[in-house]
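Since the structure comes first, as structure tokens, the remarks are kept for the end.
Every number in this text was worked out from the coordinates using simple rules, so none of it is lab data. Just so you know, these numbers come straight off a predicted model, no measurement behind them. Here the Cβ positions follow ideal geometry from the backbone for every residue, glycine too, while neighbour counts run over all protein chains shown.
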Amino acid sequence: MNNLLQLAQSSYDYTYTTTSSNTDPSIAAALSVGILLFYFITIAITYVVTSIFLGMIFKKAGVPAWVAWVPFYNTWKLLEIGGQQGFWAILAVIPFVNLVSAVFTFIAMYNIGLKFGKSGAFVVLGIFLPIVWLIWLAVDTSKWNNSLGEPSRAVEHNPNATPPAATPPV
């Protein structure tokens, strides 16, 4: 019996090997870099397309188009032209508060749609397909009407604001 026990223990291989992957680590690293590169290129293209069309919307609303290229400030101005407080753009980075910020962004999108003469249901497109919503409003021939929807909070739309006085030539 002792010989049988000794034979059983001596024939068992205690080394741990796995055959779940036969991929070379350098190939896995190259694949990871490729995926990350694709991800960053996609983000850059999305940012550029969004900024171009948001700039077109801002131009129609009387806001300088360059504002669309500045992160956070573009959302701040989007909220303001939609009649909401711009600070919700900054609070959007705080967990759980960002849900409230999203609601105010959707309300602003609703008001922006109204100012362009769209129906109230047009905001559904903005909620589920925001890039399509942006492109639609940017290339559409509709004009900005600040009297529709909630009044814009953007300084550019303040009816009491006086334009800067021209300086006399010296």
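Give the residues of segment 126-151 that are in a helix (DSSP H, G or I) and either within 15 Å of the chain's Cα centre (by Cα) or more than 21 Å from THR50 (Cβ to Cβ) (or both), sorted by residue number.
GLY126, ILE127, PHE128, PRO130, ILE131, VAL132, TRP133, LEU134, ILE135
Just name the residue that is nearest to LEU137 (Cα to Cα) out of those in segment 75-92 that are over 14 Å from the mean Cα position of the chain (by Cα) and not in a helix (DSSP H, G or I).
Result: GLY82.
Pull out all pairs, ordered by first then second residue, where Cβ-Cβ is under 8 Å, the residues are six or more apart or on different chains, the first lies in segment 56-74 and is closer than 16 Å to VAL139 by Cα and without any contact (Cβ under 8 Å) to a residue 40 or more places away in the chain, and the second is outside any helix (DSSP H, G or I) and not polar (S, T, N, Q).
PHE58/PRO64
Which of the residues spanning segment 117-133 are crowded, with 20+ Cβ neighbours inside 10 Å, over 17 Å from ASN74 (Cα atoms) and in contact (Cβ under 8 Å) with a residue 24 or more places away in the chain?
Residue satisfying the conditions is LYS118 alone.
Scanning segment 60-77 for residues that are touching a Gly at 6+ places or on another chain (Cβ under 8 Å) and of a type in the set (Gly, Ala, Ser), which turns out surrounded by the most Cβ atoms within 10 Å (Cβ to Cβ)?
Filtering first and then ranking leaves ALA68.
Give segment 134-157 a look and list any residue that's closer than 20 Å to TYR73 by Cβ and surrounded by 14 or more Cβ atoms within 10 Å (Cβ to Cβ), or say none.
LEU134, LEU137, ALA138, TRP144, SER152, ARG153, ALA154, GLU156, HIS157
Is it true that VAL103 is under 22 Å from PRO151 (Cβ atoms), assigned to a helix (DSSP H, G or I) and without any contact (Cβ under 8 Å) to a residue 12 or more places away in the chain?
So VAL103 passes the test.
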